[in-house]
1. Using a 10 Å cut-off around each Cβ of peptide A:159-168, what is the average number of partner chain Cβ atoms that fall inside?
2. So if I take the alpha carbon set of segment B:57-166, get Rg, then get Rh from the Kirkwood formula, what is the Rg over Rh ratio?
3. Over the whole of A:295-303, what's the average partner chain Cβ count within 10 Å per residue? Rounded to a whole number, please.
4. So, R0 is 22 Å and r is the distance between the beta-carbons of residue A:230 and residue B:156; what FRET efficiency does that work out to, to 0.05?
5. In what sequence, highest mean first, do B:65-73, A:223-231, B:123-131, B:159-167 appear when ranked by Cβ atoms within 10 angstrom?
6. So how far apart, in nm, are the two label points at residue A:14 and residue A:159 if each is 7 Å from Cα heading toward Cβ?
7. Efficiency by 1/(1 + (r/R0)^6): what FRET value for residue B:42 and residue A:56, r their Cβ-Cβ distance, R0 = 56 Å, to the nearest 0.05?
8. I want the antiparallel fraction of DSSP beta bridges within segment A:3-164, as a percent rounded to 5.
């Protein structure tokens, strides 16, 4: 069996639970998994010491990991990671890193893997309108879609080896600009509530924002909404020409379900659709469909959620 | 720079933009014999590549230089090059290859041409609408030993070059310099549309066809199939049913 290396997913200064899913995927691909944790301070790695399914943990310590720089990160991680199949998360940043590490090691990268069967990997193509199976031969780098594999548990124990990793920065951050809103971006959120042109006006997105804040969710939009209203930025757009997402819960409000929108969200674990048109295509993908205007449904949804979560 | 694109000074930059032909994102994907059948779909420039072309042209207009659009494929891929030419690129190049390449083979071919022909800045879309993988930009940069920035939503050419990319909790504004690969997201720029003169020029334009000999691939396609149908969900009438759905999200789905 091929050795495997997992690059830990870091989120808000912590080892993200997605990392457990990556280890589980790695153990499907090979054996003897080494977890590599990029960090500026090795104490970050301590939280992972009870993670199971790994034979070795390396805290790759370097100031290069302060801000993301594809070149410097790939160089530093390559210098400490053993040979083998490398596994990363399929977040925007980690896919970028996966591609760089693969090129650095002169191997191929397979992105957005959703299932593993021996050396056969499945990935969505055409934003999930079809599924491609590929066979890998030898070492590759793979990125794994979040919320697909069941994560390994946190009842193991493994020593952490701290290694100084060095990389040269190829770019320099001039300024970090925080989002005005504290709400999550659609690419980061586990719950997304999106509005379409059926919302009638961009002002009505405030109703979605209120529910998003109750749920800790991000607010998304369809391409029709983004194209129609200047106040709805492209950064909110979910779909083939926006962001492909697969949260635990996707709530589509006033979205009919154009093919390119469906392509970007159909792999969400649970889909709720609210639309006044009972024949809207979105209902074919909804686990729970509500045939109603948003004006009627959203106040009920909002108060039911507030009662449940308060 | 004067209006004809000639440069005053010595900052001529040689820019390449990678473009790819893909099925229109509004088209339905059909399968036959375990492969996606593209024979009846409309092929267009991959949406994010349109922003790459626009940014490449803005770069040229800011500092002077040339923009060459490069694609990989057979004769039928010339159309995407002509589309780029109609918008305003100077040269169009097709790397003649119709066989499947895995990412390593593909990036090796691209980076070979970039380095051989002396390009200094490469633009591409953040991902293509077919594979969605987003590997080409960073992969090519690594093979060239260059910097790369991905998911770029804004570029400023005053006072050097700065790009805006998403970062945790917001955006990062990053100072960059050539040699460099820039993978472009949509951002706030509007892409220019071809005018009649551009379309006429594109018709007459010669595609520079280069032969390439890719390395063997270690990743091979086994099959392409439709995704499994989702089992039918539950559908309710009326806004009041939102309360029932919230109950189900907790008790049946266990997700809130």
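1. So the per-residue partner count for this stretch is 0.
2. We get a ratio of 0.94 for segment B:57-166.
3. Other-chain Cβ atoms within 10 Å of each residue's Cβ, averaged: 4.
4. The computed FRET efficiency comes out at 0.55.
5. Highest to lowest by the protection proxy: B:123-131, B:65-73, B:159-167, A:223-231.
6. 2.8 nm
7. Calculated transfer efficiency: 0.65.
8. Close to 30 percent.
The numbers here are math on the coordinates, done by the rules we state, and not lab data. Note that the coordinates shown come from a computational prediction; the quantities given were computed from them, not determined experimentally. Positions of Cβ are generated from backbone atoms using ideal geometry, with glycine treated the same way; all protein chains shown enter the neighbour counts.
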